[in-house]
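Scroll down for the structure; my scribbles are underneath it.
The values are calculated or read from the model by the stated rules, or taken from the named source; none is laboratory data. This is a predicted model, so every value here is computed, not measured. All Cβ positions, even for glycine, are placed from backbone atoms using ideal geometry, and neighbour counts span all protein chains on display.
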Amino acid sequence: MATMTLSKILLLAFAFLFTYIEGRFHTKTKPKHLHVVSHISLPPAPAPAPEAASPSYYTNSPSPSPSPNLFRSPAKVYNVLSFGAVGDGTTDDTQAFKMAWDIACFQNESAILLAPDDYAFMIQPTVFTGPCKTSLVFQIDGTIMPPDGPESWPSKMNKRQWLVFYKINGMSMQGGGVIDGRGEKWWNLPCKPHKGPNGATLPGPCDSPVAMRFFMSSNLTVQGLKVKNSPQFHFRFDNCQNVIVQMLSIKSPPQSPNTDGIHIENTKNVQIYNSVVSNGDDCVSIGAGCHNVDIKNITCGPSHGISIGSLGIGNSKACVSNITVKDSVIKHSDNGVRIKTWQGGYGSVSKISFHNIQMETVRNPIIIDQYYCQTNTCTNQTSAVHISDILYTSIKGTYDVRSPPLHLACSDSVPCTNLKIAEIELLPAKGQIVANPFCWNAYGEMQNLTIPPISCLLDGIPLYAGQNTLDQCQNNLY
């Protein structure tokens, strides 16, 4: 009996000791901010649909997916508040972001740089430099903003860019927060269009910063954010590859100058999906050296439309190919789908498809302009970028009667070739009279009946076939 009692006492003592040790073990190893880690490491929820969104093109779109390999294991969170950020909208939080970036970038495991919600962070113009050791998430749940206007900009800092991401490989910028460019004081500089008497511009400093610039970077994802009021372009991608941009809301006033939503230059393998853009310039603009670009489910306007160009400025070479724009809405804009080139340039624009695009009171719904000029002093030149293999299908809706529904102004010396047009139905937004399309030196075919009828296209193949121009661009594809 005594032996049995002693056994029970020893058993109870062992159980108590095991429980005590286990409790101490969990107390020591439990992360202090587990709730933050578990929240951030999940794929982000889509940003709320902006009011301007068209239900058929936004709410039915798939939720954004994080870049591959970003969430295979729990990532460590580097909250900028832990590095001294205040987040009151006036204190300079630049150093906190730079320190958080430097530590997160050089970790051997996936990391998250967090700008938390309910805070507004003022950041001076900064370059975030890579490459990082592993994939990185820049999670913006609060608001980030630059100094307020030219007078507040550091005198020794470049006024052409705000935040630059340089030589980054494998980053996702995402969240439910806001990037506020605070552009109004920049738009009101006397040098800006329409600020001088009778709409003229006045002399004086005119540089204005791009809000977010990605340079020489790859495997990028930007998703879920609200971006507004950039002094100049909202996003710019230069010399990048493998870029996904989706579920963005980009907004600035219709009269804000040069505020392109997304601009790409010398960039390839790009997907721009499921976003809403309204601004004072192009919703999406595609510059020289861009290839393999897919644009889908964009609600655009008021704006200047979706543009390829301008190309060939200063007698420069421009090569653009394999661009698709489809399943989108353009409304109350100065242009619809546009290709614009300067006289004197060379190179080619080829293999372009515009498909299933709804126009709502748009000037120039379909436009090729090879006489693009921003002054009254441009001279006629014989060289031009060759435009070929352009497909326009299922473009329907209404146009602003101040301009024709279709305007194809091709170069005198380098005609457009192999233009194919089908299923076009464009009616005047006001009145009953349908304007005639305009064509100049444009070769192609109308594949079925269109509204209005397009009888101004030229048949056949012109004497200038443009093969030399196409050959000049072959090396840019690889």
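Within segment 58-105, which residues are in a loop (DSSP other than H, G, I, E, B), at pLDDT 95 or above and not charged (D, E, K, R)? Hits for segment 58-105 are G84, A85, V86, G87. Within segment 426-443, the set of residues being touching a residue at least 40 places away in the same chain (Cβ under 8 Å) and either among the small types (G, A, S) or not assigned by TED's automatic domain parsing to the domain that holds I461 (or both) comprises A429, A442. Being modelled with pLDDT of 95 or more and surrounded by fewer than 24 Cβ atoms within 10 Å (Cβ to Cβ) is true of N219.
Checking T379 against (1) in contact with a Ser or Thr (Cβ under 6 Å, 6 or more places away or on another chain); (2) surrounded by fewer than 20 Cβ atoms within 10 Å (Cβ to Cβ): exactly one of these is not met. Which one? Against the list (1) in contact with a Ser or Thr (Cβ under 6 Å, 6 or more places away or on another chain); (2) surrounded by fewer than 20 Cβ atoms within 10 Å (Cβ to Cβ), T379 comes up short only on (1).
Residues of segment 286-299 being free of Cβ contacts under 8 Å to residues at least 40 places away in the same chain and part of a strand (DSSP E or B), which ones? Listed by number, the residues that qualify are I286, N292, V293, D294, I295, K296.
Per-residue answers, yes or no, for (1) hydroxyl-bearing (S, T, Y); (2) in contact with a helix residue (DSSP H, G or I) (Cβ under 7 Å, 6 or more places away or on another chain); (3) not assigned by TED's automatic domain parsing to the domain that holds L408:
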{"position": "D294", "(1), (2), (3)": "no, no, no"}
{"position": "H304", "(1), (2), (3)": "no, no, no"}
{"position": "S307", "(1), (2), (3)": "yes, no, no"}
{"position": "G314", "(1), (2), (3)": "no, no, no"}
{"position": "K326", "(1), (2), (3)": "no, no, no"}
{"position": "R338", "(1), (2), (3)": "no, no, no"}
{"position": "Q343", "(1), (2), (3)": "no, no, no"}
{"position": "Y346", "(1), (2), (3)": "yes, yes, no"}
{"position": "S353", "(1), (2), (3)": "yes, no, no"}
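Of the numbered criteria (1) modelled with pLDDT under 95; (2) not in a loop (DSSP other than H, G, I, E, B), the one E360 fails is (1). Number of residues in segment 366-382 that are more than 26 Å from N436 (Cα to Cα) and at pLDDT 95 or above equals 0.
Residue count for segment 133-166, restricted to those that are surrounded by fewer than 21 Cβ atoms within 10 Å (Cβ to Cβ), under 18 Å from the mean Cα position of the chain (by Cα) and either polar (S, T, N, Q) or assigned to a loop (DSSP other than H, G, I, E, B) (or both): 1. Looking at I112, I123, just one residue is within 22 Å of M216 (Cβ to Cβ), crowded, with 20+ Cβ neighbours inside 10 Å and of a type in the set (V, I, T), and that residue is I123. Counting the residues of segment 196-216 that are at pLDDT 95 or above and more than 20 Å from S172 (Cα to Cα) gives 2. When you look at L458, is it in contact with a strand residue (DSSP E or B) (Cβ under 7 Å, 6 or more places away or on another chain), crowded, with 23+ Cβ neighbours inside 10 Å, in the same structural domain as V325 (by TED's automatic domain parsing) and not aromatic (F, W, Y), yes or no? No; evaluated as a whole, the condition is false for this residue.
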